[in-house]
């Protein structure tokens with residue numbers, strides 16, 4: 001069974017989602033199915049079939065989350081330190097061509113959200129940054145061509 005990295009924050013979000021599915025959505029859909037059954041003939045009952053379909057989706061999501069949580073290798077970023085880029089690090093970068101400054105945290109694949117400034121450990125940019133120290137330059141091959149970033153700051157928040 002393959003383990004994969006996850007920040008403590010990401011793990012807590014997954015656990016909260018699982019708890020919500022089990023304690024709120026699962027009981028609600030069971031109630032909807034019971035109410036739809038009371039309407040009679042199940043073969044032509046669209047409400048019943050819709051509720052059963054939703055139940056299957058919820059149960060699938062629960063199973064998926066349970067599997068994901070069981071295989072996660074959790075990292076508490078606040079306990080990390082060092083001078084080089086590693087999983088969980090927040091990295092301040094400067095695009096060497098445009099002087100545009102950006103900041104990204106390197107997280108697990110399931111947590112990646114570019115709009116929130118979180119990039120996947122398996123992304124080309126993260127792979128180019130891993131192991132480098134502040135002041136170093138990273139070369140990243142993108143669909144628009146090769147880009148160069150200078151690492152300005154590394155922190156563990």
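Quick test of your reading of the structure: residue 71 fulfils all but one of (1) surrounded by 13 or more Cβ atoms within 10 Å (Cβ to Cβ); (2) under 23 Å from residue 3 (Cα atoms); (3) assigned by TED's automatic domain parsing to the domain that holds residue 21. Name the failing condition by number. Failing condition for residue 71: (1). Among the residues of segment 76-85, just one is within 19 Å of the chain's Cα centre (by Cα) and either on the phi > 0 side of the Ramachandran plot or surrounded by 19 or more Cβ atoms within 10 Å (Cβ to Cβ) (or both), namely 77. Residue-level analysis places residue 74 among those that are modelled with pLDDT of 85 or more, closer than 18 Å to residue 15 by Cα and outside any helix (DSSP H, G or I).
Conditions tested, residue by residue: (1) surrounded by fewer than 16 Cβ atoms within 10 Å (Cβ to Cβ); (2) modelled with pLDDT of 95 or more; (3) not in a strand (DSSP E or B).
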{"site": "91", "(1), (2), (3)": "no, yes, no"}
{"site": "97", "(1), (2), (3)": "yes, no, yes"}
{"site": "103", "(1), (2), (3)": "yes, yes, no"}
{"site": "106", "(1), (2), (3)": "no, yes, no"}
{"site": "111", "(1), (2), (3)": "no, no, yes"}
{"site": "119", "(1), (2), (3)": "no, yes, no"}
{"site": "122", "(1), (2), (3)": "yes, no, yes"}
{"site": "141", "(1), (2), (3)": "yes, no, no"}
{"site": "146", "(1), (2), (3)": "yes, no, no"}
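Taken across segment 45-63, residues that are on the phi < 0 side of the Ramachandran plot, in contact (Cβ under 8 Å) with a residue 12 or more places away in the chain and loosely packed, with under 12 Cβ neighbours inside 10 Å do not occur at all.
The values are calculated or read from the model by the stated rules, or taken from the named source; none is laboratory data. On a predicted model such as this, the values are computed, not experimentally measured, just so you know. Quick reminder, even Gly has a Cβ in these numbers, built from the backbone with ideal geometry, and neighbours come from all protein chains shown.
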